[in-house]
Each structure stands twice: as C-alpha cells, then as structure tokens.
Amino acid sequence: MSAEFIDILLAGIKANEADKYRLHNLILLPDKGDVVVSGDIHGHRRNFERVVSYANLEKNPDRHLVLQEIIHGGPEDEMGGCLSFDLLIDAARLKLKFPDQVHFVLANHDTAFITNSEVMKNGKEMNAAMRIALRGRFGSKTKEVESAIERFLFSQPLAVKCANGIWISHSLPSDRMLDKFDFTIFNRHLKVIDVVRPNSAYLLTWGRRQSKETLILFAEKLGVDFFVLGHQVQESGWMSDNEKLVIIDSQHNHGYLLRINLAEKYDIKTLTDSLVPIASIS
C-alpha cells in the first residue's frame, strides 16, 4: 500500500516539474482555451469531484484546471486523524492523467506540512491530526510516506499567470511584509528555506487583507490586471473588492469555482459574473 502511494506522489512530482506550461515557479497559460479555478479544497471530496466533473478535461483538451490546498480537512479516522491525504493522492492521479491541463499552486497548509510547523483549523492542529492518520494507515512506512507528501507539495508552482492579465495564486503578501518580499522567487530555483517564515514563499501563501495600494503595486510588478486568490475563508463562497481582487473558497457547501476564458479580456464585473456555485454542478 505504501509503495503505491509513494510511487504516485513521485510520479506527480515529475509531472509538476515537467509541466509544459511551467517556467521556473510559474504556470504561464496561453491566450486560448479556458481555465477552471478552485479555491481551497481542504479534504472536501464532494466539491473536488464536482469541480473535476465541471472541468471535464477529457472532452476539453484546451481547458486547464487549477487546484489548491487539497490537504487538512474532511473525513477523519476513528482516532480523529485527518485523512485528506487520500484526496491528495486522487489529485496527483488527476495530474498524471492530464499532466499539462491540471496545475497546482502552493498554499499555506502545504508550507506548514513541508516545514512541520503548527497550523490550526477548526480548533485542531492539522499536521498532528494528519500524521496520526498516516501512522494508522502506513505504520513503519509512515516517514517514507510523509517525505513523499512533503516533496510533492514542494514541487507545486507558486502561481498561474494568464495571458489575458489574470494572476492566480493562493494569496499575496500582507501590506506590512511587502519590504521583505523577493519578486525574483517566481523566476529562480525554489529552496526549502523560501517556505519558512518570514521568507518569500511563506509570505506569498500566508498573507491576508491586502490593501488597494498593495494590489496595484503587485499588478504593476507582475504585469497583470486582476488577482484570483484563495486562503481567506469566505462563508458565502467568494468575495471581491470590486476593483482588482476576487477570492474564492471551495471547502464547504456554499463553495464556488471560477471559469476564465483565456482568449478574453475581463473587467472585475465580468470576472465575478464567471463564478459558478459548486452545489449547482451535478
């Protein structure tokens, strides 16, 4: 069981690194086809399956699917251990089936697992919860499985940049940490130290409540018009600042996804009009 699990993750690492649209730590999507973007999944299998069904990648070869924050949440074992690694394996399998259509972006719960630092969700420390379930499933092979998960998560790109001016990442640095952010992180080899607080991959995935001025600065630096982020919980499934930002959340029954036509230019209204409630997908 552990050997198959590890083999899938190792193949997923190679697929992440060999993605034809990847340049360093960015996925650069062309001006054709479309992209379906999920918010945080956090182990919500039904939402994951509905997002995948909606994307229908097999019948839409020019469509891309962006997934983020698969782990930490969802079903638990009898010891209260987090079983979200089962969904992570399914996501890795999907990447192997559609290697140049499925893309991941690094998220803060991923960086927490990579560095084994505490991260809370619903009053529970999620790394401890997931490791309980991993030990229950894999026993003496747990460390090998954990290492494969860490390496897979680390192999994910940092962001997706669309040719029509839309940027997709888990988050952006918060205002007070801007002076510590290194914009070259997108165009160089990613190091483990980058995901450690307070370095740049950490700041990119953990930041919250970006001001209008920060969004304008990042848009200029990155050469984009709009940002599509996750990370910040949205009880209604999404929010927008009505100018440059859309945040989507896919981890609960009111979750949303976003479909973007890569050949079209958007304003903030047409972007938010492209949101789709996941519950509406059969």
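The values are calculated or read from the model by the stated rules, or taken from the named source; none is laboratory data. Bear in mind that the values here come from a model prediction, so they are computed numbers and not experimental data. As a convention, Cβ positions derive from the backbone with ideal geometry for all residues, glycine included, and neighbour counts pool all protein chains shown.
Across segment 170-222, what is the number of residues that are exposed (fewer than 12 other Cβ atoms within 10 Å of the Cβ), within 18 Å of GLN156 (Cβ to Cβ) and among the β-branched types (Val, Ile, Thr)?
Adding up the residues that qualify gives 1.
May I ask you to list the residues in segment 141-169 that are surrounded by fewer than 16 Cβ atoms within 10 Å (Cβ to Cβ), out of contact with any Leu (no Cβ under 8 Å at 6 or more places or on another chain) and not in a helix (DSSP H, G or I)?
GLY165 - this is the single residue of segment 141-169 that is surrounded by fewer than 16 Cβ atoms within 10 Å (Cβ to Cβ), out of contact with any Leu (no Cβ under 8 Å at 6 or more places or on another chain) and not in a helix (DSSP H, G or I).
Being modelled with pLDDT of 95 or more, of a type in the set (A, V, I, L, M, F, W, C) and in contact with a Gly (Cβ under 7 Å, 6 or more places away or on another chain) narrows it down to one of LEU172, LEU190, so name that one.
Working: LEU190 fails: in contact with a Gly (Cβ under 7 Å, 6 or more places away or on another chain).
Only one candidate passes the filter, namely LEU172.
Based on this model, can you work out whether ALA163 counts as at pLDDT 95 or above, under 30 Å from ALA219 (Cβ atoms) and over 19 Å from the mean Cα position of the chain (by Cα)?
Numbers: at pLDDT 95 or above: yes; under 30 Å from ALA219 (Cβ atoms): yes; over 19 Å from the mean Cα position of the chain (by Cα): yes.
Judged against the criteria, ALA163 is a match.
Answer yes or no: is there a residue in segment 63-81 that is under 19 Å from the mean Cα position of the chain (by Cα), of a type in the set (Gly, Ala, Ser) and closer than 24 Å to SER2 by Cα.
Quick first cut of segment 63-81, residues under 19 Å from the mean Cα position of the chain (by Cα) only: 63-74.
Cutting the leftovers down to of a type in the set (Gly, Ala, Ser) gives us 73-74.
Now restrict to residues that are closer than 24 Å to SER2 by Cα: 73-74.
Among the residues of segment 63-81, at least one is under 19 Å from the mean Cα position of the chain (by Cα), of a type in the set (Gly, Ala, Ser) and closer than 24 Å to SER2 by Cα, which makes the answer yes.
What are the pairs, 6+ residues apart or on separate chains, where a residue within segment 261-282 that is touching a residue at least 40 places away in the same chain (Cβ under 8 Å) has its Cβ under 9 Å from a residue that is exposed (fewer than 13 other Cβ atoms within 10 Å of the Cβ) and part of a strand (DSSP E or B)?
Hits for this filter: zero, empty list.
Are there any pairs with C-beta distances below 6 angstrom linking a residue in segment 220-237 that is aliphatic (A, V, I, L, M) to a residue that is crowded, with 17+ Cβ neighbours inside 10 Å and part of a loop (DSSP other than H, G, I, E, B), with the two at least 6 apart or on different chains, and if so which?
Note: pairs meeting the criteria are LEU229/SER171.
Residue-wise test of (1) closer than 26 Å to ALA263 by Cα; (2) part of a loop (DSSP other than H, G, I, E, B); (3) touching a Pro at 6+ places or on another chain (Cβ under 6 Å).
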{"site": "ALA11", "(1), (2), (3)": "no, no, no"}
{"site": "LYS20", "(1), (2), (3)": "yes, yes, no"}
{"site": "LYS95", "(1), (2), (3)": "yes, no, no"}
{"site": "PRO99", "(1), (2), (3)": "yes, yes, no"}
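Taking segment 22-39 as the search range and keeping residues that are in a strand (DSSP E or B), touching a Pro at 6+ places or on another chain (Cβ under 8 Å) and of a type outside the set (D, E, K, R), which one is surrounded by the most Cβ atoms within 10 Å (Cβ to Cβ)? Before you say what the answer is, go through the steps one by one.
Pass one, segment 22-39, residues in a strand (DSSP E or B): 22-23, 26-29, 34-39.
So of that shortlist, the ones also touching a Pro at 6+ places or on another chain (Cβ under 8 Å) come out as 22, 26-27.
Right, trim to of a type outside the set (D, E, K, R) and you get 26-27.
Numbers: LEU26: 19, ILE27: 25.
It comes out as ILE27.
I'd like to know if segment 251-261 contains one or more residues that are part of a helix (DSSP H, G or I) and over 24 Å from PHE186 (Cα atoms). If you could, list the steps in order and put the result at the bottom.
Keep residues of segment 251-261 that are part of a helix (DSSP H, G or I), which gives none.
No, there is no match, as no residue in segment 251-261 is part of a helix (DSSP H, G or I) and over 24 Å from PHE186 (Cα atoms).
What tally of residues in segment 78-106 results from selecting those that are surrounded by fewer than 20 Cβ atoms within 10 Å (Cβ to Cβ), farther than 18 Å from ASN47 by Cβ and touching a residue at least 60 places away in the same chain (Cβ under 8 Å)?
The total comes to 3.
I'm told ARG176 meets every condition in (1) over 22 Å from the mean Cα position of the chain (by Cα); (2) closer than 24 Å to GLY12 by Cβ except one. Can you identify the failing condition by its number?
Answer for ARG176: the failing condition is (2).
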